[in-house]
Amino acid sequence: MNVISKLKKILLSSLLIIFSFSISISAQVNYPSPTNYKYINDYSNILNSNEIETIVSLGKELEDKTGAQSIVVIIDTTDNIPIENYSINLFRSWGIGQKAKDNGLLILVAIKDRKWRVEVGRGLEGVIPDALSNRVMESLATDDFKNDNYGSGIIKSYSTFNDLIAEEYGVTLSKSLNIEIPKESNRQDSSNIFDAIPIGIILVLLILDIIFNRGRIIRTIFKVLFWSSFFGRRGGPGGRGSGGGGGFGGFGGSGGGFGGFGGGSSNGGGSSGSW
C-alpha cells in the first residue's frame, strides 16, 4: 500500500506541474497583434517587399475562393515557451479561420530559436494531417532556412499548403507556384524522435492515473480545459470580445482592406521541427 500511495503522490504532482505550466504559459504571454498585411506577419523584418506581396496575393486568393485563412507569422523567439504552446495559443487568440468551419492554418517561424511550427485548424486536419505538414516543411523549407533563405522556404511551403486546401474545396489557385510535394522518405528525422519523448512521458502518467486513481486527475484536467476554452473563445476581460464572427476588425494593407479573422480554433494538430 505504501508503494501505491507513493506512486499516486508522484503521479498527482507530475500531472499538476505539467498542467500548471501549460496554464501559466497561456496567461503570461502577450501575443502580438496582426499586421496590416494579415496573411504575413513578419515581426523579424526578414522578408522583402516582393516576398510579402507574393504571400499576401496567395493568401487573399485562397480566402476569396474558399473562405479558409492561411497565415504566416515570423518572430525572433518564443522566449523559452515550447513552440507548440505558443502556436496554438496564438492561433486561438487571433481566431484564424472561419468560426463554424475552423478552416485556418498557421505557419510559425521563430528565427533565433531556429524552430518552425505548422498549426492546423480542426476543420483541415483531414486535409493536412500531421505527417504531411511535417513532410512539406522538411522537404521544402528547412534547407532554405539553414541557408538563411527564409522567404524562399516560407513561400514554397505556404503555396503548397494553400494548394492542398484549395484542392479540398474543389478550386484552383491561379497564383499558385504548383510545387510538387516530394514522396515520403523512409528516413525518420532524429528531432521528431526527441519531440515525441515528452508525449510518451505524459501518456505513461495518464495510464498510471487510470490504473491507480481511476482517472480522477484526467477528468479534472479535462473539465478545467473545457471551461477555460469555453470562456476564452467568448471574449471577456482582455479577450477578443464577442459579436458576429469574432476576430479582429478590418486591415488596411497595401491591397486595400483584407478583413479580419473569423474566430476559428485548433486542437493542436500539425507538426514542428528545427533547422
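What pairs from Lys38/Lys65; Lys101/Lys146; Lys38/Lys115; Lys115/Lys156; Lys65/Lys115 go past 25 Å between their alpha carbons?
Checking Cα-Cα distances, Lys101/Lys146; Lys65/Lys115 exceed 25 Å.
Compute the label zone of Tyr169 within the range 29-58: residues whose backbone N is under 13 Å from the point 7 Å along Cα-to-Cβ.
In the range 29-58, the label zone of Tyr169 (backbone N under 13 Å from the point 7 Å along Cα→Cβ) covers 58.
Considering the dipole of the range 100-180 built from charges on the beta carbon (Lys and Arg +1, Asp and Glu -1) around the Cα centre, which of Ile111, Pro129, Leu164 is farthest to its positive end?
Ile111
Take the Cα gyration tensor of the range 40-177, multiply each eigenvalue by 5, square-root it, and list the three semi-axes largest first, rounded to whole angstrom.
21, 17, 14
For Arg219 paired with Asn178, estimate the spin-label separation in nm (one decimal), with each label point 7 Å from Cα along the Cα-to-Cβ line.
For Arg219 paired with Asn178, the spin-label model returns 5.8 nm.
For the range 52-115, state which trypsin sites (Lys or Arg not before Pro) are in a DSSP loop and have at most 11 other beta carbons lying within 10 Å of their beta carbon.
Listed in order of number, the matching sites are Lys112.
If the only charges are +1 at each Lys and Arg Cβ and -1 at each Asp and Glu Cβ, what is the size of the charge dipole of the range 43-138 around the Cα centre, to the nearest 20 debye?
180
Which order do the peptides 119-125, 31-37, 133-139 take when ranked by the mean count of other beta-carbon atoms within 10 Å per residue, highest first?
Ranked from most to least packed, the peptides come out as 119-125, 133-139, 31-37.
Using 1/(1 + (r/R0)^6) with R0 = 25 angstrom and r between the beta carbons of Ile202 and Asp79, what's the FRET efficiency to the nearest 0.05?
Working from the Cβ atoms, E equals 0.65.
Given H placed on each backbone N at 1.01 Å, which residues far from Asp42 in sequence or on other chains put an amide H within less than 5 Å of it?
So Asp42 has HN proximity to Ile74.
Rounded if a/c is under 1.5, else prolate if a/b is larger than b/c, else oblate: which is the range 124-168, with a ≥ b ≥ c the root eigenvalues of its Cα gyration tensor?
oblate
Using Cα pairs closer than 8 Å and at least 6 residues apart in sequence, work out the relative contact order for the range 40-177, in percent.
The value is 25 percent.
All of the numbers you see were taken from the coordinates with simple rules; none came from a lab. Here the structure is a predicted model, which means the values were calculated and not measured. Note that we place each Cβ from the backbone using ideal geometry, even for glycine, and neighbour counts take in every protein chain shown.
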